[in-house]
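The structure appears below as structure tokens.
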Amino acid sequence: MPYANENYLKLKAGYLFPEIARRVKTFCEENPDAKVIRLGIGDVTEPLPPAITEAMRRAVEEMGQRETFRGYGPEQGYEFLREAIAEHDFQSRGCDISAEEIFVSDGSKCDTGNILEIFGPGNRIAVTDPVYPVYVDTNVMAGNTGPANESGEFEGLVYLKASAASGFNPPLPEEKVDVIYLCSPNNPTGTALTRTQMEEWVSYARNNGSILLFDAAYEAFIQDPEIPHSIYEIPGAREVAIEFRSFSKLAGFTGVRCAFTVIPSDLEARTQDGRPVKLHALWTRRHTTKFNGVSYITQRGAEAVYSPEGRRQTREIIAFYLENARIIRETLQEAGLTVFGGVNAPYVWVETPGRMPSWEFFDTLLKRAHVVCTPGSGFGAAGEGYIRVSAFNSRENVQEAMRRVRQAL
Ligand code: MLT
């Protein structure tokens, strides 16, 4: 019998969102008449905009004709999409990023997990707390940690604890770390790093030889013109940062699957004996060996996001979700709760009444209001005493959910 990867045994039994789904399923079975409104997992509800479906339809037609049919595409992504990304997402913002530095993939969740394959053992790894659980769990699976303690913190990881006192802005590490995960606009707190804060992170990374893994999956929600959309808007970031981007929340692709990772050609790690290694070359090797590219149809759909109609239509959907976020934020504030985020992000981070434990408040809202949220403790020890409310739903459901929550409080 082969040996199993025992690192998996260090993890809590289930990933956060399936655990929530399990509890909701049980509740629905016991209460078949309850009309449950889901503001838990951040999954889009608005359909794909017409500019995108039209581009995908044309691509389907091409695939059905001998002359235009395509088999395997380039693993790194079609040139037409990588050029559009480089131009619209980076060069138009003054970032020195070329199409060759962009790797199209099927999701940022996979990329933020898979990226660990190009880092060696023994790195000091820092995560913010609260944190998107994928960063932590994939490090556990990869054997980069010891066991978890009672509050669920894994030995060997450096937790950068954010709190209400700092507006959930994570502190810089007090020690030297090699790899740091940052997410802005943040999942779960819905707060976004300012330019000054991003400059501090880039400066820390440059001074300490660290690499920032910058997850910008929610950048499309940024409204404040002073907040950078990319880490590469900060001078010097090319040498210290990898950026993850996704079409999921930007264009409703959670079920379509398309994202991309940027690895600048300058970015280096080192061998155990101190020789520099270009991470772009390692990720190219990994990507071409383990991935066969995103479908042509999907990439044509993603390209359409950058057309004038695609931009207008996706902006309208983002504005729609942000209006939901405003309704959630203001309703909960009026109800006397302390809230964060929800201005440049689709998530509202809410302190539970009397700092009630997160799962207890989750159960209260489910039972009394038939509303699903995400318990903050699922995002780390510093998330205890908070819940995350997602703005991804119809206007009608958000208004109804807020009416019920007010009544339940
Ligand atoms: C979330 O709810 O945190 C997101 O849906 C997670 C994800 O994008 O994978």
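Return the FRET efficiency for the residue pair Glu100, Ser307: r is the Cβ-Cβ distance, R0 is 22 Å, and the value is rounded to the nearest 0.05.
Details: r = 23 Å, r/R0 = 1.04.
After rounding to 0.05, the efficiency reads 0.45.
Maximal additional length on extending the Met356-Thr194 stretch stands at 55.3 nm, based on 0.36 nm per residue less the C-alpha distance. Please state the shape class of the range 363-403: rounded when a/c is under 1.5, otherwise prolate if a/b exceeds b/c and oblate if not, all from the C-alpha gyration tensor. Judged from the Cα gyration tensor, the range 363-403 comes out oblate (a/c at least 1.5, b/c at or above a/b). Taking every DSSP beta bridge that has both ends in the chain, the antiparallel portion is near 55%.
Using R0 = 51 Å, the C-beta based FRET efficiency linking Ala319 and Glu6 works out to 0.60. Using R0 = 56 Å, the C-beta based FRET efficiency linking Thr271 and Glu330 works out to 0.55. Computed over the Cα atoms of the range 53-307, the ratio of the radius of gyration to the Kirkwood radius (Rg/Rh) comes to 0.97. With the simple model of a label 7 Å out from the Cα in the direction of the Cβ, Ala165 to Glu61 spans 6.2 nm.
The distance between label points at Asp33 and Asp363 comes to 2.4 nm (points 7 Å beyond Cα on the Cα→Cβ vector). When exposed loop sites are taken as chymotrypsin sites (Phe, Trp or Tyr not before Pro) in a DSSP loop with at most 14 other Cβ atoms within 10 Å, the longest stretch of the chain clear of them is 73-409. Note on Ala381 and His88: the model spin-label points, each 7 Å out from Cα along the C-beta direction, lie 4.4 nm apart.
Measuring against 32 Å, Cα to Cα, the residue pairs Lys35/Lys290; Lys25/Lys290; Lys12/Lys278; Lys161/Lys249; Lys12/Lys290; Lys12/Lys161 contain Lys35/Lys290; Lys25/Lys290; Lys12/Lys278 as the ones spanning a longer distance. Measuring nothing but how far apart in sequence close Cα pairs (under 8 Å, 6+ apart) lie, relative to its length, the range 205-247 scores a relative contact order of 54 percent. Looking at the chain, which longest stretch skips every one of the trypsin sites (Lys or Arg not before Pro) that is in a DSSP loop with at most 14 other Cβ atoms within 10 Å, leaving the sites themselves out? No qualifying site falls inside 177-409, the longest such stretch. Pick from Ala302, Ala51, Ala281: which is most flexible by mean-square fluctuation in a GNM of the chain where alpha carbon atoms under 10 Å apart are linked? Residue with maximal mean-square fluctuation among Ala302, Ala51, Ala281: Ala281.
Every read-out reported here was derived from the displayed coordinates using simple, explicitly stated rules and does not represent laboratory data. Quick caveat, the model's predicted, so the values are computed rather than measured. Every residue, glycine as well, gets a Cβ built from its backbone with ideal geometry; the counts of neighbours run over all protein chains shown.
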